[in-house]
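Notes for the one structure printed next.
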Amino acid sequence: MSIFSQFGVRTIINASGPVTRLSGAILSDAVRESMRQAGRDSVNMEELQAAASRRIAEVTGAGAGLVTAGASAALTLGTAAILCKNDVARMARLPDTTGFPNEFLIARDQRNGYDRAAALAGAKLVDVGHSDWLSGAGVRGVEPADYEQAISPATAGILYVLREGASPTLAELVPLARRHHLPILVDAAASLPPRSNLRDLASRGASLVTFSGGKAIGGPQNTGILCGERSLVQSAAVQMLDMDEHPTLWSPPEDFIDRKLFPAPPRQGIGRGFKVAKEQVIGLLVALEHFANGPSGEFVGEISRRLEAMARPLRAADIECRIVMPATNEKSPWLELILKDQDAFDVCRRLRAGEPPIFVGHGRLREGVLVVCLDAVRPDHDEAMTSRFLAELGGKRSSTRT
Ligand SMILES: *Cc1c(COP(=O)(O)O)cnc(C)c1O
């Protein structure tokens, strides 16, 4: 019996991957148990985040790190850090940025629904360049020169969304940013795997990097990581942590927050609403440890075997499906169900409404394709899911039913 049933909430099979609206990843036994234990004791949150910073620094190669309330909060806090550095008067004013540099340059084709998180801190996003090859109007993407032309005394930093095939690449942008002393905040929320991104980005010149803790890392759904240059992470930390401490008593861990830089403790910062509980910090750290050091091939191999087992009876019932193997062996394969005569939206609706409710990937419904991702599906749900597909997709078995 699920705890959710006590509150009248149905549990679902989430075949869409660890997406937020469907409650993210399934937590491993180790992560769940670590969170249970964390809830039994009290700690000083500055000491806990300082310890998290050391762990994140080890794993990422960055100077420091902070566990945030998701990558979106990390974007807001990273922006706030770049806007304020360690200037307490600026921190006290955010999101009002009148009178100091507040513009963040972003390639026009990188604009997305999450960039409001940067604007939330008070930054003004300035679109640069055009992608002519994306629009089919030419051969050039956004180029470093497009950024260069937009730099002014009002420029505070660069927001860069990491994506394979993006133009310019991070490597192409870094020399320009260095020349103009502009920090680069990299949104890598969805860029794991490959695991190499976890370690590489700081050394490749990103000043701050955000990762989602609740996606591939497999941590609690509302966690994220902000990592990068120590002084910037420090600025983000004091703008997030609860600052209701007596000035004469405030003594945060020195390697995390250098007390001498602050004439007085900052007031509650712009990130105060993004607080992270001790259970989440611990859960994220345990998940991160596993993600960084665990054998990734094993997970992918297991997913392949499960998909094969699901595809066999579907094929036998004449349901067209294919297993797609991504180019990298770090990403798990997925199953595509190809509909012939049925409306994909209708099938999706029925799958959601039935028992057990199934939420498949909905990115390709217009093509008549249902995408089944097992990253957030418990293995003991595979059979029930296969039966529902057989029943709903009009295979041999369902024709005996109707
Ligand atoms: C998911 C995502 C985010 C937000 O991450 P959360 O951890 O859910 O806050 C930000 N940017 C991109 C590109 C994402 O895919």
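In whole Hz, with x marking every Gly and Pro, tabulate ³J(HN,Hα) for the range 100-107 from phi via Karplus 6.51 cos²θ - 1.76 cosθ + 1.60, θ = phi - 60°.
Karplus values, whole Hz, x for Gly and Pro: 9, x, 9, 8, 10, 7, 9, 4.
Is the shape of the range 175-231 rounded, prolate or oblate, going by the alpha carbon gyration tensor and its root eigenvalues a ≥ b ≥ c, with a/c under 1.5 for rounded and a/b larger than b/c for prolate?
Values: a/c = 2.86, a/b = 2.04, b/c = 1.40.
Prolate is the answer for the range 175-231, as a/c is 1.5 or above and a/b outweighs b/c.
Given a 10 angstrom Cα cut-off, can you work out which residue in 226, 105, 351 is the most mobile in a GNM of the chain?
Fluctuation is largest for 351.
Restricting to Cα pairs below 8 Å that are 6+ residues apart, what does the relative contact order work out to for the range 78-139? Please round to a whole percent.
Numbers: 59 pairs, mean separation 21.8, N = 62.
So the answer I get is 35 percent.
Could you run the Karplus curve 6.51 cos²θ - 1.76 cosθ + 1.60 with θ = phi - 60° over the range 333-343 and give me ³J(HN,Hα) per residue in whole Hz, x for Gly and Pro?
x, 9, 10, 10, 9, 9, 8, 9, 9, 9, 7
Can you tell me how much longer the chain between residue 260 and residue 98 gets when fully stretched, taken as 0.36 nm per residue apart minus their C-alpha distance, in nm with one decimal?
Values: separation 162, 0.36 × 162 = 58.32 nm, distance 2.68 nm.
Here the answer is 55.6 nm.
Rule-of-thumb check for the chain: C-alpha Rg over 2.2 N^0.38 Å?
Numbers: Rg = 23.3 Å, N = 402, 2.2 N^0.38 = 21.5 Å.
For the chain, the normalised Cα radius of gyration is 1.09.
Express in nm, to one decimal, how much length is gained between residue 5 and residue 124 on full extension, taking 0.36 nm for each residue of separation and deducting their alpha carbon distance.
Details: separation 119, 0.36 × 119 = 42.84 nm, distance 4.50 nm.
Stretched fully, the residue 5-residue 124 segment lengthens by 38.3 nm.
Pop a pseudo-label 7 angstrom from the Cα along the beta-carbon direction at both residue 387 and residue 302 and give the gap in nm to one decimal.
In this crude label model, residue 387 to residue 302 measures out at 2.3 nm.
Under the 0.36 nm per residue contour assumption, what length would be gained going from the current alpha-carbon distance of residue 178 and residue 32 to full extension? Don't skip to the answer; put the middle values down first.
Values: separation 146, 0.36 × 146 = 52.56 nm, distance 4.21 nm.
Length gained between residue 178 and residue 32: 48.3 nm.
So how tilted is helix 170-179 from the main axis of the chain? Cα-based, degrees 0 to 90, rounded to 10.
Long axis of 170-179 versus the principal axis of the chain: about 10 degrees.
First check a/c for the range 184-326, with a ≥ b ≥ c the square roots of the eigenvalues of its C-alpha gyration tensor; if it is under 1.5, answer rounded, and if not, answer prolate when a/b is larger than b/c or oblate otherwise.
Details: a/c = 3.34, a/b = 2.61, b/c = 1.28.
Since a/c reaches 1.5 and a/b is larger than b/c, the shape of the range 184-326 is classed as prolate.
When the expected Rg is taken as 2.2 N^0.38 Å, what fraction or multiple of it is the alpha-carbon Rg of the range 59-100?
On the way: Rg = 12.0 Å, N = 42, 2.2 N^0.38 = 9.1 Å.
After normalising by residue count via 2.2 N^0.38 Å, the value is 1.32.
Measure out, as a whole number of angstrom, how far apart the alpha-carbon centroids of the range 268-325 and the range 94-132 sit.
Measuring centre to centre over Cα atoms gives 31 Å.
Is there a pair in 215/278; 215/331; 85/275; 124/275; 85/260 whose C-alpha atoms are over 22 Å apart, and which pairs would that be? Don't skip to the answer; put the middle values down first.
Numbers: 215/278 19 Å; 215/331 12 Å; 85/275 20 Å; 124/275 24 Å; 85/260 14 Å.
Pairs exceeding the cut-off: 124/275.
Non-local amide H neighbours of residue 161 (under 5 Å, H modeled in plane, Pro and chain starts lacking H): which ones?
Long-range HN contacts for residue 161: 187.
Compute the distance from the alpha-carbon center of the range 23-41 to that of the range 138-186, in whole Å.
39 Å
What list do you get for 243, 91 if you sort them by fewest beta carbons within 10 Å?
Values: 243 17, 91 24.
Least crowded to most crowded, the residues run 243, 91.
Can you work out the FRET efficiency for the pair residue 355 and residue 111, with r the C-beta to C-beta distance and R0 = 41 Å, to the nearest 0.05?
Rounded to the nearest 0.05, the efficiency is 0.50.
Within a 10 angstrom radius of the beta carbon, how do 26, 106 rank from fewest other beta carbons to most?
Numbers: 26 16, 106 27.
Ranked by crowding around the Cβ, least crowded first: 26, 106.
For residue 223, enumerate residues with amide H under 5 Å from its amide H, sequence gap 5+ or separate chain, H modeled in the peptide plane.
Long-range HN contacts for residue 223: 70, 213, 214.
In whole Hz, what ³J(HN,Hα) sequence does the range 189-202 give by Karplus (6.51, -1.76, 1.60; θ = phi - 60°), x for Gly and Pro?
In residue order, the calculated couplings are 3, 10, 9, 10, x, x, 4, 4, 4, 4, 8, 6, 5, 5 Hz.
Once label points are set 7 Å from the Cα along Cα→Cβ at both residue 135 and residue 40, what is their separation, rounded to one decimal in nm?
6.1 nm
With a/c under 1.5 counting as rounded, go ahead and sort the range 246-348 into rounded, prolate or oblate using the C-alpha gyration tensor (a ≥ b ≥ c being the square roots of the eigenvalues; past the cut-off, prolate if a/b is larger than b/c, else oblate).
On the way: a/c = 4.78, a/b = 2.65, b/c = 1.81.
It comes out prolate by the Cα gyration axes.
Would you mind counting up the charge near residue 354? Only other residues with Cβ under 12 Å from its Cβ, with Lys and Arg at +1 and Asp and Glu at -1.
Values: positive: 10, 349, 350, 352, 388; negative: 355, 392.
Surrounding charge for residue 354 is +3.
Starting with the fewest neighbours, write out 341, 132 ranked by other beta-carbon atoms found within 10 Å of each beta-carbon.
On the way: 341 6, 132 13.
Lowest count first: 341, 132.
Summing +1 for each Lys or Arg and -1 for each Asp or Glu, what net charge is found among the other residues whose Cβ lies under 11 Å from the Cβ of residue 40? Walk me through the numbers before you get to the answer.
Details: positive: 36, 278; negative: 41, 279.
Every neighbour counted, the sum reads 0.
How tilted is helix 344-353 with respect to the longest principal axis of the chain? Cα atoms for both, answer in degrees (0 to 90, nearest 10).
90 degrees
Residue 294: net charge of surrounding residues, Cβ under 13 Å, Lys/Arg +1, Asp/Glu -1, itself excluded? Kindly include the intermediate steps, with their values, before the conclusion.
Working: positive: 195; negative: 289, 298, 302, 330.
Counting the neighbours of residue 294, the net charge comes to -3.
Bear in mind these aren't lab numbers, they're just calculated from the coordinates by the rules spelled out. Given the structure is predicted, the values throughout are model-derived calculations rather than measurements. Methodologically, a virtual Cβ is constructed for each residue, glycine included, from the backbone with ideal geometry; neighbour enumeration extends over all protein chains shown.
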